[in-house]
Amino acid sequence: MHIVVVGGGEIGYELTRELSVDHIVTVVDSNAEVGRRFESLDVAFIAGSGTSPDVLARAGVHGNDLLIACTGLDEVNMVACALATRLGSRRAICFVSREDFHGDGSNAQAVRSHFGIERIIWPEAQLADEMVRIIRSPGAIDAEEFAEGRIRLLEYRLDAGSPLTSAPLAALRLPRSALVVAVKRDNAIQIPRGDTRLTVNDKVFVMGTPEAMAAIAPMVHAHAASRTSQSVTIIGGGDVGFRLAQRLDDSDMEVRVIERDLRRGEILAASLRRALVIHGDGTDLELLESEGIGHSDVLVSVIDNDERNLFASLLGRQLGARRIITRVGRSANLRLFDRVGIDVALSARGAAVKSLVHDIRGGHAHLLAVLDEGQATIVELTVPAGFTPQALMDLKVPPRAIVGAIVRGQEALVPRGSDQVRPQDRLLVFVAADSVHRVRDFFGPT
Amino acid sequence: MRISVVLHTAGIFLRYFALTFALPVVVSLLYHEWRDAQAFAVSGVLAGAVGQLMMRARSAAAEDLTRVEGLAIVSGTWLLLAVAAALPFLASGLGVIDALFESMSGLTTTGATVIRDFSQHGHGIFFWRALTQWFGGMGVIALFVAILPRFGIAGRQLFFAEAPGPTDQPLTPRIRKTARALWLVYAGLTSAEIAALLATGMPVFDSVCHALATLAAGGFSPHPLSIGGYANPAAEWVITFFMFAAGANFALHYRTLRGETRAFLRDEEFRAYLAIVLVATVLLTACLLPSAPRTVEAVRTAAFQVLSILTTTGFASVDFQLWNDQAKMVLLTLMFIGGCAGSASGGPKVVRQVLIARYTLLELRRTLHPRGVLPVKLGGRVVPDEVMRAVLVFFLFYLLVFAVCTLVVSAFGADMMTAITASIACLGNIGPGFNAVGPMASFADLHPVSRITLTLAMWIGRLEVVTVLALVRPEVWRLVRRG
């Protein structure tokens, strides 16, 4: 496949690195300096504007397969996509950083079709949405939803006294519609069996229906906070912080946003209904103390700077905030944040890049979620039409993978070995990273 | 400031206003009141001639107006029209001060009266009282801007200087179209009320006069006992409903008629207005229940009086001067609120009170969060600082004028309750107060100086205080001298 990437920033680089293994990639960026970074990769680099038809023609968009526009400017990305489709590119994917062009509204769709954009990706929004899911699941360190919310996946870290560590899995009497799909112990993912016994500091992945997941929460933490109303402090009112505050504004949560820039603070305060906006520096200890940040149930630090984020998060931890969620800019820092005691560290670009790369590879499988820095993924497999129905236990699922749920029409169920797998079923499969290629081609290559 | 421009423009308004004198001439002729017809005709001709003369100050209308000129034109026109409208009252036997009081009370839709003996005056005079209110309710200048083609850009400025309440978005990009739309809604609602009142069995003449005075939130009634004199419960409900409509923003009526079905409920000021009406009605009903023969009657009387005072109409279905102090206190509180912005009502307006309340509550929150970013919001949008400041300044000036007025009225011999309620009733364009100026009494018993002061208060109150007070600034008069 021939792919043109417009924009050589953080996202462009990550994408190119992943895609250049299997595909021919040409990178376009107006800044020639950026090209140095791509010298180590086997790609072509063209210095020039992504909105210039000549430059795009030189990059070979005539009859190429895909153009990905991921510069920092939404308008540039859209124009690049429009030009590319007009010049003969088969598909175009556009990254945006604002709400204007996103969404499913008819206006947004009209914009998409007008500019010939197949798909719009808004990494900051994806990150904010993920944070909302985690905040709404007390105690969890990761949370995902599938099949329009009919199936949930939560990741927990087990602490001392967790009822789950009391007996082997088979003897735990978990709810019928919930399944422990994986355990991460000593940084390695494994699929548990009935005789697996969970221990303190294990990270467990549980999949199930919302009702079953609600029933399982108190089994994870002996002292699980049953309060539904939480207080959330968001440090940094940028794209992510703003969207996060907007999403939480309508719930019964008490939301506070600390923003350093007064102008930006005024914009936030203008569009948020209930949330309190505070003008100040999130790393100012005095401010954090006087605003009683230590009493927050959740502290979310989403400043656009890893060092300051880490500092604000650690201050929050010292003051006594119960759960710390932090945004990480550079993927390389993820491990570090985890080690110093941040409960949840998330990277916006990482997840967006991974899901896009997976989709480009194609197959029957559709990547739904990337878990734990890419060590595991949730993949959706559609059972082909000609498939003869058979019991799940007779299906030879590849090693280090497990079917967590079956979605059949409007119904979603957490299967047992005796449940039937039928044509057109959608299987939600939890897969360790090293096994993904086997699962992808499980029902044969496309 | 160019005096010639002010004279010329005010002259145009006066000349067209003179045409409206034709209507009471017709009414007087219908009732064979020849002397009154003559008086109206002469007054009209006189006003028209003076207007024509004033227009001579300049050969053509000014293309543009400075801000000061706009304020001077609006303030001056209202004063001038009040003088013109007072002529028929003079002819009908009132003294100069009383005639001016009555006509200012009409144009500003106050509804306070100095007429003691209603039987001395003909139909034409009562129709004229209602008609001046009707023209004043939506704004005389808005009317002329709507129908006269000659005010382009200047019309926009005049329209906003006269409009009641902190103005929001015009309904249409063109100010003439906006003014015309509002006047159409106004006229439509008036016709609807005339029809409804006729259906309740009220005589034709009284129905017309009451409808004109209701939609204008005026309150003049041809009956000396006001609405109470008809003993017609159905009419009371009809008027209650139309007072409620008159106290709401006419822009919302317009948008609802255009098919925006949820316009009313989506408007924060209207919701607050509705809440005030409901709470006040419940409170007043509770005050009246012990002495009311039947619950239905207590509710009807309470709703009528709450709306009459809140919308600054000033009708009375009973003599509320006879009520206990608790009930009177409810009404006195309502006098300081007023109807919605963009309605025909006077007073400080619901939206200003909502903004002031929010501002105060936010200051409380700010003491807890000194670094909080806490903008005042209305309808989900941030209220700019300058608007908020204007609202606060308005209310402070309003209270100041109220205090000065009360001092004057009480200094010239009125008791405290009379002085307070007469002042707020005139400044807020409400009409009746308590004690010596109660709903069945007359302002004629007050000292002449008090009556002059209250006449000015009505004028200042109708033009929202700042329009008039700004003209008192010395720099305006320096501008005048320079020409």
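All of the numbers you see were taken from the coordinates with simple rules; none came from a lab. Given the structure is predicted, the values throughout are model-derived calculations rather than measurements. Cβ coordinates were reconstructed from backbone atoms using ideal geometry, including for glycine residues, and neighbour counts include every protein chain displayed.
Taking region A:54-85 and a reference point 7 angstrom along Cα→Cβ of A:Ala32, the backbone N atoms nearer than 18 Å belong to A:55-56, A:58-59. If the Kirkwood radius is taken over C-alpha pairs of region A:2-121, then at 25 °C and 0.890 mPa s the Stokes-Einstein diffusion coefficient equals 176 µm²/s.
Springs join every pair of Cα atoms under 10 Å in this Gaussian network model of chain A, and among A:Ile378, A:Ile402, A:Ile141 the largest mean-square fluctuation is at A:Ile402. Annotation for region B:39-119: trypsin sites (Lys or Arg not before Pro) lying in DSSP loop with at most 14 further Cβ atoms inside 10 Å of their Cβ are B:Arg56, B:Arg116.
Over region A:231-321, all Cα pairs binned in 5 Å intervals from 0 give whole-percent P(r) values of 3, 17, 29, 27, 18, 6, 0, listed from short to long.
When a/c reaches 1.5 or more, the comparison of a/b and b/c decides; with that in mind, is chain B rounded, prolate or oblate per its Cα gyration tensor? Here chain B falls in the rounded category.
Here's how it looks for A:Val5: its modeled amide H is under 5 Å from those of A:Thr26, A:Val27, A:Val28, A:Ile68, which are all 5 or more places away or on a different chain. Note on B:Lys349: lysines with a C-alpha under 18 Å away, same-chain residues under 8 apart excluded, are B:Lys377. Taking chain A as a Gaussian network of alpha-carbon nodes connected by springs under 10 Å, the highest mean-square fluctuation of the residues A:His358, A:His62, A:His221 belongs to A:His62. Only Lys, Arg, Asp and Glu carry charge here, each on its Cβ (+1 for the first two, -1 for the last two); on that basis chain A has a dipole of about 1180 debye about its Cα centre. The translational diffusion coefficient of the protein assembly as shown, from Stokes-Einstein at 20 °C and 1.002 mPa s with a Kirkwood hydrodynamic radius over alpha carbon pairs, comes to 64 µm²/s. Separation of region B:438-470 and region B:25-77, taken as the distance between their Cα centroids, equals 22 angstrom. Spin-label pair B:Arg365-A:Ala332: with each label point 7 Å from Cα along the Cα-Cβ axis, the two points sit 4.4 nm from one another.
So the label point goes 7 Å from the Cα of A:Thr382 along Cα→C-beta, right? Which residues of region A:408-446 then have their backbone N under 14 Å from it? Taking a point 7 Å out along Cα→Cβ of A:Thr382, the residues of region A:408-446 whose backbone N falls under 14 Å are A:408-409, A:423-428, A:443, A:446. Computed from point charges on the beta carbon alone (+1 for Lys and Arg, -1 for Asp and Glu), the dipole magnitude for region B:358-483 about its Cα centre is near 640 Debye. Partner aspartates and glutamates whose Cα lies under 15 Å from the Cα of B:Lys328, excluding those fewer than 8 positions away in the same chain, are identified as B:Asp319.
Expressed in Å, the radius of gyration and Dmax of the Cα atoms of region B:1-131 are 15.7, 49. For region B:346-431, what log10 I(q)/I(0) values come out of the Debye formula at q = 0.17, 0.22, 0.23 1/Å, with one point per alpha carbon and no solvent? One equal scatterer on each Cα of region B:346-431 leads to -0.77, -1.00, -1.05. Working note: Cα atoms of region A:362-440, range along each principal axis, descending, whole Å: 34, 23, 22. Using the Cβ-Cβ distance between B:Leu407 and B:Val466 with R0 set to 25 Å, the FRET efficiency works out to roughly 0.75. Given the options A:Lys354, A:Lys396, A:Lys203, which has the most mean-square fluctuation in a GNM of chain A, springs set between C-alpha atoms less than 10 angstrom apart? Answer for the Gaussian network model of chain A: A:Lys396.
Multiplying each eigenvalue of the alpha-carbon gyration tensor of chain A by 5 and taking the square root yields semi-axes of 35, 32, 19 Å, largest first, rounded to whole angstroms. When chain B is described by a simple charge dipole with +1 on each Lys and Arg Cβ and -1 on each Asp and Glu Cβ, the residue from B:Leu284, B:Gly380, B:Trp459 located farthest towards its positive end is B:Gly380. Separation of region B:313-378 and region A:177-201, taken as the distance between their Cα centroids, equals 63 angstrom. Overall, the anisotropy analysis places region B:288-374 in the prolate class: the square-rooted eigenvalues a ≥ b ≥ c of its C-alpha gyration tensor yield a/c not less than 1.5, with a/b exceeding b/c. Between B:Ala275 and A:Asp54, the distance separating the two model label sites (each 7 Å from Cα on the Cα→Cβ line) works out to 6.4 nm.
Note on B:362-370: average number of Cβ atoms from other chains within 10 Å of each residue's Cβ is 2. Can you name the helices of chain B, as whole DSSP H runs, whose Cα span along the helix axis is 27 Å or more and whose Kyte-Doolittle mean is not below -0.5? Result, helices passing both filters: B:34-55, B:67-91, B:175-199, B:268-288, B:350-368, B:385-411. Once the C-beta distance of B:Phe336 and B:Arg56 is scaled by a Förster radius of 51 Å, the resulting FRET efficiency is 0.70 to the nearest 0.05.
Can you work out the PRE-style zone for B:Arg266? Point 7 Å along Cα to Cβ, and I want the residues of region B:375-413 with backbone N under 17 Å. Under cut-off, by backbone N: B:378-382. When Rg and the Kirkwood Rh are both derived from Cα coordinates, the Rg/Rh ratio for region B:384-482 amounts to 1.06. The simple Förster model, with R0 at 35 Å and r as the Cβ-Cβ distance, assigns A:Asp186 and A:Leu41 a FRET efficiency of 0.60. Put a dot 7 Å past the Cα of A:Leu285, heading toward its Cβ, do the same for A:Arg98, and the two dots end up 4.0 nm apart.
Remark: chain B carries a charge dipole of roughly 1680 debye about the Cα centre, counting +1 on each Lys and Arg Cβ and -1 on each Asp and Glu Cβ.
Available extension along the chain between A:Gln390 and A:His437 is 14.6 nm, counting 0.36 nm per residue and deducting the alpha carbon span.
Listed by chain and number, the aspartates and glutamates whose alpha-carbon sits under 16 Å from that of A:Lys354, ignoring those within fewer than 8 places in the same chain, are A:Glu10, A:Glu14, A:Glu18, A:Asp22, A:Glu124, A:Glu130, A:Glu144, A:Asp372, A:Glu373, A:Glu380, A:Asp434. GluC sites (Glu not before Pro), restricted to region B:49-119: which are DSSP loop and have at most 14 other Cβ atoms within 10 Å? Filter output for region B:49-119: B:Glu63.
For region A:335-403, the Stokes-Einstein estimate of translational diffusion at 4 °C and a viscosity of 1.567 mPa s comes to 89 µm²/s, using the Kirkwood hydrodynamic radius over alpha-carbon pairs.
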